[in-house]
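Peer 1: The structure's right below; bear with me while I get my questions together.
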Amino acid sequence: MTGSQFPREELFAPGHRGCAGCGAAIVARLALKAAGKNTIVANATGCLEVMTTPYPETAWRVPWVHVAFENAAAVASGIEGAVAALKRKKGKYGEEKVNVIAFGGDGGTADIGFQALSGAMERGHDMVYIMYDNEAYMNTGVQRSGSTPFMASTTTSPAGSHIRGENRPKKDMPMIMAAHGIPYVATASISYPEDFMKKVKKACEVNGPAFIQVLQPCTTGWGYPAENTIEMGRLAVETGVWPLFEIENGEFKLNYRPLKRKPIEEYLKVQKRYRHLKPEDISVIQKTIDMKCDEYGL
Amino acid sequence: MSEVKVITGTSAAAEAAKLADVDVIAAYPITPQTTCVEKLADFVANGELDAEYIKVESEHSAMSASIAASATGARTFTATSSQGLALMHEVLFAAAGMRVPVVMMNANRALSAPINIWNDQQDSLSQRDTGWIQLYAEDNQEVLDLVIQAFKIAEDEKVLLPVMVNLDGFILTHTVEPVTLPKRETVLDFIGTYEPKHAYLDPKKPMTQGALGDPNYYMETRYAIETAMRNAEKVIADVHDAFAEKFNRAYGNGLIESYNLEKAENVIIAMGSICGTIKDMIDLKKKEGVEIGLLKIRCYRPLPVEMIKDALKNAKNVAILDKSISLGMNKGAIYADVASHLKDKKTVNYIVGLGGRDITSEDILGIYADVETSEDGKTNWVGLKEE
Ligand SMILES: Cc1ncc(C[n+]2csc(CCOP(=O)(O)OP(=O)(O)O)c2C)c(N)n1
Ligand code: SF4
């Protein structure tokens, strides 16, 4: 899929209540373009849910349901089961495949929703789980999650005189999901829309569970000007902090290799959440990224 | 023709879900509910029931998946007990708020700590404000009949609320009794098909469910549930009557059952399997020329206050039996709810059977004797071992 082939139809309506430059809205918009009309969405509590459905308004032009924070994967399981039963017993939904897509933030996915997600993946439901990863609990005011990166400052992992922000590395969700033996796992970025949409399409076509973790820059939580959202996503990939890859039936494939990796400093220095970092902190982070990139062959 | 099987209460619930031809089951095992979900798994495995059985990893997910399946448009059943019901607590509110007619069997069991698998009714009574209709069975036949009725009540357009069918753990869940199983076609003809207009997920007609309701809208959603609860009083009675006509089994008026209340001044209010023992004692005393009575609550939410008041018009001394306790108030849930409506009578609360403590016939006779002389408003813990 190239730019000119992007479906024009907007299944995610403009006019939501997100911050200007919100990356989560871009995630939803691109994912629905790729998945198409025949889709049912389950959404975890979080920014995406709150900003899109203040009753009586909705930004969703596909059927959409939200139940709670920690259960998007269980909700999607219920939908998938119901669709299968109603298809078989009552001839509903026609011949075409109905995509069941769950959206969860990093908190709703890697932390409180982790058990429900693991269960749903292990059970083999035919669903696509999209983790939109803004690397903290944004809806409640930027608290750390298991997906917050090392040394990032959040309101519950603040940089102080004794502690340099988050003291633990980011939880490795793609590898954890791959360990479930599911047919499709991928990372993506809103700044590489063709790659992201291709992956959503593939994930929908796969029989069984698919998991996509898409890095979603957040102007409010990361502290950068609203117009730089796409630039932030690009820098994450160009510096190697966010490699784009797929794991299809256990086989790892790198999707994008920057000609020359940019130094991590270029990514960190433009975000308020890293503003406390000293040169020696930055070189520690650079080292961990270099090691990771070596592992991935980047 | 219908057939008679000698089965447990959990099997009766499973048979009823099968007769109702449920589309989706999402459940997680817990004693003493387990045999219900095992039985359902067998039905699906053997092709006796065409349903999707979602083997969830927790009760929280069981309820979440059930809500979603029902919100998609499928007839949905689940079952739990005690710790499992407590784990569901958060999403029980969501089920009612989203107006999904999920039917759930709950095997009444005490809550930890200390861990205790035996019967009391603390689990379901602690969920009384979640917006679920709560029905309680006295025996295994009533379990089957209630689950069938529950689908018809829940799916009624004037109601559209989830329904919890409660049965006492072990006392009913693990005791076999002869149960008449009606024919599937008769049951399906009675319940009808589920074709929701208010909650479904279909790409051809996109609907947003579970939206954010700000202070401008939230209160009305609660009022709508309360209105549905009030409507449910009539629907439950109507469904009961229609059921009685079709299947030849009746239980009072569907919400409460009066037993010898005409002449009795000393009466008991109770709920669940204990009512069987109480009825036996009433019959026994009648032979001696003594009139005592029972008001059995079959429907705890909505609480049929007017019916209860009316049924007790001849009573003087009312013993309210609770298998639950509101700690720090020293009253059980039924007493707390009902006593204030019986101001012209003496009401005494008896806390009984917590964590499976035996309640004997002598205890029941003792309560009838005690309520006559006891102080108004008192709470007695029956069978408590004192130091
Ligand atoms: C059981 C429960 N605990 C806590 C909350 C409060 N809460 C709502 S959204 C949220 C954070 C969401 O974070 P994330 O999943 O990362 O999504 P984001 O807001 O960043 O999009 C929290 C803590 C809740 N709604 N439910
Ligand atoms: S806080 Fe971040 S994720 Fe939430 S709406 Fe604003 S930009 Fe989007």
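Peer 1: As a test, work out the antiparallel percent of DSSP beta bridges whose residues both lie in the range B:256-381, rounded to the nearest 5. The partial results should precede the final answer.
Peer 2: Numbers: 5 of 23 bridges.
Rounded to the nearest five, the antiparallel share is 20 percent.
Peer 1: Which one, B:Pro178, B:Ile133, B:Ala62, projects farthest toward the positive side of the charge dipole computed for the range B:3-247 from Cβ point charges (K/R +1, D/E -1)?
Peer 2: B:Ala62
Peer 1: Rounded, prolate or oblate: pick one for the range B:256-381, where a ≥ b ≥ c are the square roots of the eigenvalues of its C-alpha gyration tensor, a/c under 1.5 means rounded, and failing that, prolate if a/b is larger than b/c, else oblate. Walk me through the numbers on the way to the answer.
Peer 2: Details: a/c = 1.37, a/b = 1.14, b/c = 1.20.
It comes out rounded by the Cα gyration axes.
Peer 1: May I ask what percent, to the nearest 5, of DSSP beta bridges between residues of the protein assembly as shown are antiparallel? Kindly include the intermediate steps, with their values, before the conclusion.
Peer 2: On the way: 22 of 88 bridges.
If I count the DSSP bridges inside the protein assembly as shown, around 25 percent turn out antiparallel.
Peer 1: Let me ask something else about it. Hey, can you grab everything whose amide H is under 5 Å from the amide H of A:Tyr129? Only 5+ residues off in sequence or another chain; H modelled, so Pro and N-termini drop out.
Peer 2: Hits under the 5 Å cutoff: A:Ala102, A:Ala210, A:Phe211, A:Ile212.
Peer 1: Mind checking the full-extension length gain between A:Asn38 and A:Glu205? Use 0.36 nm per residue of separation minus the Cα-Cα distance, one decimal, nm.
Peer 2: 58.9 nm
Peer 1: Specify the residue with the greatest mean-square fluctuation among B:Tyr28, B:Tyr335, B:Tyr223, computed from a Gaussian network of chain B linking alpha-carbon atoms under 10 Å apart.
Peer 2: B:Tyr223
Peer 1: Which is the longest part of chain A that has none of the trypsin sites (Lys or Arg not before Pro) sitting in a DSSP loop with at most 13 other Cβ atoms within 10 Å?
Peer 2: The segment A:9-259 is the longest one with no such site.
Peer 1: Separate question: With just the Cα atoms defining each centre, how far is the range A:243-266 from the range B:38-100? Give it in Å.
Peer 2: 41 Å
Peer 1: Net charge within 15 Å of B:Leu87 by Cβ-Cβ distance, Lys/Arg positive one each and Asp/Glu negative one each, not counting B:Leu87 itself?
Peer 2: Numbers: positive: B:Arg109; negative: A:Glu70, B:Glu57, B:Glu59, B:Glu90, B:Asp123.
It works out to a net charge of -4.
Peer 1: When a footprinting reagent is the concern and you count Cβ atoms within 10 Å, what order do B:Thr173, A:Thr156 take, fewest first?
Peer 2: Numbers: B:Thr173 29, A:Thr156 15.
Ascending Cβ contact count within 10 Å gives the list A:Thr156, B:Thr173.
Peer 1: Compute a Gaussian network model of chain A, connecting alpha carbons closer than 10 Å, and tell me which residue from A:Thr229, A:Thr58, A:Thr187 fluctuates the most.
Peer 2: A:Thr58
Peer 1: Please check: in the Gaussian network model of chain A (C-alpha springs, under 10 Å), which one of A:Ala72, A:Ala226, A:Ala85 has the largest mean-square fluctuation.
Peer 2: A:Ala85
Peer 1: OK, next. Compute the distance in nm between two label points, each set 7 Å from the Cα along the Cα-to-Cβ direction, one at A:Arg261 and one at B:His341.
Peer 2: 7.1 nm
Peer 1: Sort the range B:260-324 into rounded, prolate or oblate with this rule: let a ≥ b ≥ c be the square roots of the eigenvalues of the Cα gyration tensor; rounded if a/c is under 1.5, and if a/c is not under 1.5, prolate when a/b is larger than b/c, oblate otherwise.
Peer 2: On the way: a/c = 2.29, a/b = 1.37, b/c = 1.67.
Oblate, because a/c is 1.5 or more while a/b does not exceed b/c.
Peer 1: To continue, here is another question. Obtain the nm distance between the two label points defined at B:Leu111 and B:Leu365 by a simple spin-label model: each point lies 7 Å from its Cα along the Cα-to-C-beta direction.
Peer 2: With each label placed 7 Å out from Cα toward Cβ, I get 3.6 nm.
Peer 1: For B:Val44, what charge total do you get from the other residues with a beta carbon under 15 Å from its beta carbon, if Lys and Arg give +1 and Asp and Glu give -1? List each step's numbers first, then the result.
Peer 2: Values: positive: A:Arg88, A:Lys89, A:Arg123, B:Lys18, B:Lys39, B:Lys55, B:Arg75; negative: B:Glu15, B:Asp21, B:Asp23, B:Glu38, B:Asp42, B:Glu48, B:Asp50, B:Glu52.
Summing Lys/Arg as +1 and Asp/Glu as -1 gives -1.
Peer 1: In which sequence would B:Ser273, A:Ser191 go, from the one with the fewest C-beta neighbours within 10 Å to the one with the most?
Peer 2: Details: B:Ser273 27, A:Ser191 23.
Neighbour counts put them in this order, fewest first: A:Ser191, B:Ser273.
Peer 1: Further, regarding this structure: With helices defined as uninterrupted DSSP H runs, which ones in chain B have an alpha carbon span along their own long axis of at least 20 Å and mean Kyte-Doolittle hydropathy of at least 0.5?
Peer 2: Working: long enough: B:82-97 (22 Å, 0.98); B:140-155 (23 Å, 0.41); B:218-247 (41 Å, -0.36); B:274-287 (21 Å, -0.14).
Helices meeting the criterion: B:82-97.
Peer 1: Another question, then. If the cut-off is 18 Å between C-alpha atoms, which lysines fall inside it for A:Lys37, apart from same-chain ones fewer than 8 positions away?
Peer 2: Leaving aside lysines fewer than 8 places away in the same chain, those within reach of A:Lys37 are A:Lys87, A:Lys92, A:Lys97, A:Lys198, A:Lys199, A:Lys201, A:Lys202, B:Lys204, B:Lys205.
Peer 1: Using R₀ = 45 Å, calculate the FRET efficiency as 1/(1 + (r/R₀)^6) where r is the Cβ-Cβ separation of B:Thr186 and B:Lys378; round to 0.05. Display every interim value, and only then the final one.
Peer 2: On the way: r = 49 Å, r/R0 = 1.08.
Using R0 = 45 Å, I get an efficiency of 0.40.
Peer 1: Same structure again: Rounded to a whole number of µm²/s, how large is the Stokes-Einstein D of the range A:52-119 at 10 °C and 1.306 mPa s, given Rh as the Kirkwood radius over C-alpha pairs? Working shown, then result.
Peer 2: Working: Rh = 13.4 Å.
My calculation gives 118 µm²/s for D.
Peer 1: Let me ask you something else. Relative contact order of the range A:129-225, please, whole-number percent, based on alpha carbon pairs below 8 angstrom and at least 6 residues apart.
Peer 2: Working: 160 pairs, mean separation 29.4, N = 97.
Value for the range A:129-225: 30 percent.
Peer 1: With the contact rule set at Cα under 8 Å and sequence spacing of 6 or more, what percent relative contact order holds for the range A:1-151? Kindly include the intermediate steps, with their values, before the conclusion.
Peer 2: Working: 246 pairs, mean separation 34.6, N = 151.
Taking the mean separation of contacting Cα pairs over the length of the range A:1-151, I get 23 percent.
Peer 1: Tell me the relative contact order for the range A:23-296 as a rounded percent, counting alpha carbon contacts under 8 Å between residues six or more apart. Could the numbers behind the result be given before it?
Peer 2: Values: 533 pairs, mean separation 45.5, N = 274.
With pairs under 8 Å counted, the relative contact order is 17 percent.
Peer 1: Pairs A:Lys171/B:Lys55; A:Lys89/B:Lys158; B:Lys279/B:Lys316; B:Lys323/B:Lys378; B:Lys5/B:Lys183: which exceed 22 Å Cα-Cα?
Peer 2: A:Lys171/B:Lys55; A:Lys89/B:Lys158
Peer 1: Given chain A, what whole percent of its Cα pairs are spread farther than 25 Å? Show your work: numbers first, answer last.
Peer 2: Details: 20026 of 44253 pairs.
For chain A, the share of Cα pairs beyond 25 Å comes to 45 percent.
Peer 1: Still on this structure, please answer the following. Could you work out how far apart the two model spin labels at B:Thr277 and B:Val290 are, taking each label as a point 7 Å from the Cα in the direction of the beta carbon, and quote it in nm?
Peer 2: Going from the B:Thr277 label point to the B:Val290 one covers 1.7 nm.
Peer 1: Follow-up. Dipole size in debye (nearest 20) for the protein assembly as shown around its Cα centre, Lys and Arg Cβ +1, Asp and Glu Cβ -1? Intermediate values should be presented prior to the final figure.
Peer 2: Numbers: 74 positive and 88 negative charges, 400 e Å.
That gives the protein assembly as shown a dipole magnitude of about 1920 debye.
Peer 1: In the calculated pair distance distribution of chain B, what percentage of Cα-Cα distances lie above 27 Å?
Peer 2: Numbers: 34828 of 74691 pairs.
Above the 27 Å cut-off, chain B has 47 percent of its Cα pairs.
No value in this document is a laboratory result; all are computed from the given coordinates. Predicted model, so just to flag it, every value in this text is computed and none were measured. Reconstructed Cβ throughout: ideal geometry from the backbone, glycine too, with neighbour counts over all protein chains shown.
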